[in-house]
Amino acid sequence: MAERLILFLGDDPDGPLHWLQLDQAERVLERGVLVGDEALPAELTASPATGLAAGTRVLLAKARVPTRSRQKLLQALPYAMEDQLADDVDTLHFALGQRDTEGAWGVAVVERDWLDRWQQRLAELGITLQRLIPETLCLPLASDHWCALLHAGQAVVRTGQQAGFAADHETLAVLLDAALEEAGEDAPQEIRLLHAGALPEDLDDTALPLQPEALQAPRDWLAAHSRDPHAINLLQGDYANNRIDRSLLRPWAAVAALFVAWMVLLSGSLVLEQRQLRAELAALDAAVLETLREVFPQATDVRQARDRLQTRLGQLEAGDGPDHGDGLLETLRLIGPILRQDEAITLSGMSWRGGNLEIELQGDSLQQIDRLSRQLNAANGISAEVRSASSGNEAVQGRLLVRRSSS
């Protein structure tokens with residue numbers, strides 16, 4: 001929980017601006033008051049700022065609107081409450097709270113002019129509020145009593161989760177009695193009365209017993225209780241603040257850290273798996289080359305022979321030949337050992353068509369080509385015939401047709 005800046009937006013936007021800085025334990029680090037165009041210390045403007053709106057400037061009410069759409073609700077609120085308000089609804093700002101168990105929405109109403117003037121002053125000070133809540137809703141909430149705070153000549157009273165009112169000292173007793181009568185069976189058993197000075201004399205006649213408690217620093221006390229999750233944030237609609245409240249994100253920091261760690265581990269696992277696959281592919285490639293060398297030890301370019309073989313197999317798999325590649329592999333397996341026996345003969349080429357393998361050879365003599373043909377014919381499962389043989393200046397060129405026999 002970071003240090004927080006609390007600003008008290010009083011009744012007069014041109015009047016004194018009281019402020020407090022709280023530490024992580026909600027203890028006051030610094031306090032001050034700005035008059036006129038005085039500015040805050042520069043280091044304080046970086047702290048998350050919460051504004052407490054004067055209770056006398058905020059009307060807390062309830063509204064019943066027959067819709068669950070928040071957008072339609074905000075549009076209908078001014079007209080649904082028009083009969084309850086003395087001012088023109090176009091001059092007022094409506095902030096929506098929560099819905100109670102009876103279906104009524106909590107609503108906070110404030111004058112636009114007052115809010116505009118405060119926002120302009122804060123902007124000139126380089127301050128952007130993250131939240132602006134009524135000071136009335138900073139009072140503690142209990143089921144068996146109401147809470148009232150008297151300070152600076154004013155009184156604020158919290159009567160419910162999102163309900164309360166403000167008054168001056170002279171009218172407090174009258175308004176308390178009216179609120180108790182309106183509450184009926186839901187009226188509290190007593191009123192907790194926090195005060196920073198002498199109590200008004202007419203409070204002794206209040207219908208409920210009072211439990212007075214003296215406070216030395218009411219603003220410090222309000223600031224320390226300004227985190228109530230039920231408090232209505234006035235910064236909605238036209239006054240919404242689009243900046244992200246980091247304190248709201250903080251509870252998710254651990255989840256985000258775990259997600260990042262998981263992504264790092266997953267990425268590392270994928271990299272290792274990719275490396276392993278590359279190694280397996282390289283080993284497989286080496287095994288293919290070794291097999292080709294065993295079958296064709298006289299070949300001068302084994303990689304080229306492999307490429308030609310793969311190309312041809314692709315053609316066969318596409319339908320070029322009745323055996324679709326299986327006959328070629330079996331034929332090569334059968335003739336490979338025989339070709340290896342005679343190192344004087346060199347394989348210079350081959351072709352596969354219609355189940356027949358034609359191989360081109362080079363040797364020292366025609367007898368070598370003929371002998372190889374006889375050896376192939378003597379082997380089980382294959383037959384061979386010399387298609388052509390010619391003698392050149394330095395070597396003999398021969399062509400053999402090899403096919404698998406039915407025996």
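Taken together, the values in this text are just the output of simple stated rules run on the coordinates, not laboratory data. Because the structure is predicted, anything quoted here is derived from the model rather than measured. Counting neighbours? That spans all protein chains shown, and the Cβs are built from the backbone with ideal geometry, glycine included.
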With r as the distance between the Cβ atoms of PHE259 and ALA152 and R0 = 45 Å, compute the FRET efficiency 1/(1 + (r/R0)^6) and round to 0.05. 0.40
Tensor-based shape of the stretch 1-67 (alpha-carbon gyration tensor, a/c under 1.5 rounded, otherwise prolate or oblate): oblate
Output ³J(HN,Hα) for the stretch 371-387: one whole-Hz value per residue in order, computed from phi by the Karplus curve 6.51 cos²θ - 1.76 cosθ + 1.60 with θ = phi - 60°, and x for Gly and Pro. 4, 4, 4, 5, 5, 5, 5, 6, 6, 6, x, 9, 9, 9, 9, 7, 7
Given the C-alpha centroids of the stretch 115-142 and the stretch 357-406, what is the distance between them in whole angstrom? 100 Å
